[in-house]
């Protein structure tokens, strides 16, 4: 019977030697299949630097503005009321039309006032005749008293009578003027130029002097006012920034104002801030600001709700960060990543207004910082990173305009 050699067991020295040789062969094949770069990275024990997109933060001139709610107000408003009592004879205007200063609006029946004027004129004529007689008499008695032909008492009486007659003339003259004024007031004219609304009276209606109800209302719409409100705290902050030089006024020294209408469109013409109220409303803690806008096409009407972008100042060395580069941490703080010494560094930012899709950064960034804008999803603070392309400069073209922070 043929005896075959027995199979070595795993526990024998020969089996252990065979297993060691097999592992070494497999490891050699695995290392030979890896690329040289990966082998070097594996030997170095570090991951390759992440490619990120960056922009260089540069200071630029920014016009800051606040968006405030408000309403339009007529430049001038005049309520037309009668100054004499009578029956309205005619209405001489078209409702909703533009009228000029002094244009006839209503005529009140003048008959009784014409009669009063005629009577006053007759009284004046009588007084003037009496005054003429008294003047002649006083002159004769003055001559006679000079030669002692009459007593001085008679001369004094004639002088007194002359003065009384002259006073009667003055009173009658004033009565004529008053009657003429009343007659003129029967023609109700426009006190200002503007657009007139609906008429509250019609021909045949009785009106009384200085009545409570207006016959019609006139409003001057070009230019037009826009009244907006701003919190007193914001006003104090702006005044402080203007005082320390952080903000500067424009060359004209007046704040420009742009207008957003109720339908979301922008009003084509720019306005100017006129003044701010001298007191704070205790119920709301706000201050009223008034701006003036040209309104040649009468597009703006009194009472319209608008939003005004009021220029608060100019910041000459503002730093802007794209909104895509700024995120919020668990506490709500604004954060961003910058590329510094080949590594990603986290920064906590203080942001203000939004400027053309970018945040106005008040702290956390410095001029020249390379702000990471792309590749943030896979990036962590301290990780090695490098710019995918040469760092792009922040836009420094036309001055940016900042709106209120949302």
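At full extension, residue 280 and residue 343 could sit 17.5 nm farther apart than now, given 0.36 nm per residue minus the alpha carbon distance. FRET efficiency for the pair residue 380 and residue 69, taken as 1/(1 + (r/R0)^6) with r the Cβ-Cβ distance and R0 = 51 Å, rounds to 0.75.
Label-to-label distance, residue 49 versus residue 143, with points set 7 angstrom from Cα along the beta-carbon direction: 12.6 nm. Listed by Cβ neighbour count within 10 Å, with the fewest neighbours leading, 148, 168 appear as 148, 168. Simple spin-label estimate for residue 317 and residue 112 gives 7.9 nm between the two label positions (7 Å along the Cα-to-Cβ direction from each Cα).
Each value in this text was obtained by applying a stated rule to the coordinates, not by laboratory testing. Here the structure is a predicted model, which means the values were calculated and not measured. Neighbour counts are summed over all protein chains in view; Cβ atoms, including those assigned to glycine, are modelled from backbone coordinates with ideal geometry.
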